Amino acid sequence: MNMQTGRVIVPGKAAGLALVSDRPIGFLGGVDPDTGIITEPGHPLEGQCIAGRVLVFPTGKGSTVGSYTLYRLAMAGLAPAAIINARSEPIVAVGALLGNIPMLDRVDLTTLVSGARVSIDGECIRYE
């Protein structure tokens, strides 16, 4: 089991399979709020569902309405179990806070791969 730490943006505990992208994610227009599927054309995760996954991506992008989209996903039970970023930005941080989605940043994303089992407890990330 590997471990690293990050900066806590939204505290909490979570576990799930990682869904990793090397490109930013924009929640408004990039994720379908009714299904949790990434819909941004050409995005490496296009067609993948984020629900219940530990969503790993460098940073967010796009409109501030993306915060509400992430909150809406959480209220529908379609949000990621947790979010890990290299660099947090306000849109995703506010959405994670509103949706009570554990979130960390300042993490070396190169050690995380899609499909790995990941758990978060406070600042600690454990993964296989």
- Quick one: is GLY30 over 27 Å from GLN4 (Cα atoms) and in contact with a Cys (Cβ under 6 Å, 6 or more places away or on another chain)? no
- Item | Every residue from segment 24-35 that is under 14 Å from VAL92 (Cβ atoms) and assigned to a loop (DSSP other than H, G, I, E, B) | PRO24, GLY26, PHE27, LEU28, GLY30
- Message: Going by what's in this entry, would GLY66 be described as in contact with a helix residue (DSSP H, G or I) (Cβ under 9 Å, 6 or more places away or on another chain), free of Cβ contacts under 8 Å to residues at least 60 places away in the same chain, crowded, with 16+ Cβ neighbours inside 10 Å and over 17 Å from LEU97 (Cα atoms)?
- Response: no
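Going by what's in this entry, would GLU40 be described as farther than 24 Å from ARG106 by Cα and crowded, with 18+ Cβ neighbours inside 10 Å? So that I can check it myself, show each step before the final result.
Numbers: farther than 24 Å from ARG106 by Cα: yes; crowded, with 18+ Cβ neighbours inside 10 Å: yes.
Yes; evaluated as a whole, the condition is true for this residue.
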- Task: Could you please find all residues in segment 1-17 being within 17 Å of ARG106 (Cα to Cα) and either within 12 Å of the chain's Cα centre (by Cα) or buried (at least 19 other Cβ atoms within 10 Å of the Cβ) (or both)?
- Result: GLY6, ILE9, VAL10
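Determine, yes or no, whether SER119 is part of a loop (DSSP other than H, G, I, E, B), in contact (Cβ under 8 Å) with a residue 12 or more places away in the chain and not hydrophobic (A, V, I, L, M, F, W, C).
On the way: part of a loop (DSSP other than H, G, I, E, B): no; in contact (Cβ under 8 Å) with a residue 12 or more places away in the chain: yes; not hydrophobic (A, V, I, L, M, F, W, C): yes.
Considered against the rule, which asks whether it is part of a loop (DSSP other than H, G, I, E, B), in contact (Cβ under 8 Å) with a residue 12 or more places away in the chain and not hydrophobic (A, V, I, L, M, F, W, C), SER119 comes out as no.
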- Query: Filtering segment 36-85 down to residues that are basic (Lys, Arg) and assigned to a loop (DSSP other than H, G, I, E, B), which residue is nearest to GLY16 (Cα to Cα)?
  - Reply: ARG53
- Query: Can you name the residue in segment 102-128 that is over 16 Å from GLY52 (Cβ atoms), at pLDDT 95 or above and charged (D, E, K, R) and, of all such residues, is surrounded by the most Cβ atoms within 10 Å (Cβ to Cβ)?
  - Reply: ASP105
- Message: Of all residues being buried (at least 17 other Cβ atoms within 10 Å of the Cβ) and of a type outside the set (A, V, I, L, M) in segment 72-88, which is farthest from the chain's Cα centre (by Cα)? Just the residue, please.
- Response: ARG72
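The values are calculated or read from the model by the stated rules, or taken from the named source; none is laboratory data. Nothing here was measured: the structure is a model prediction, and the numbers come from that model. Cβ coordinates were reconstructed from backbone atoms using ideal geometry, including for glycine residues, and neighbour counts include every protein chain displayed.
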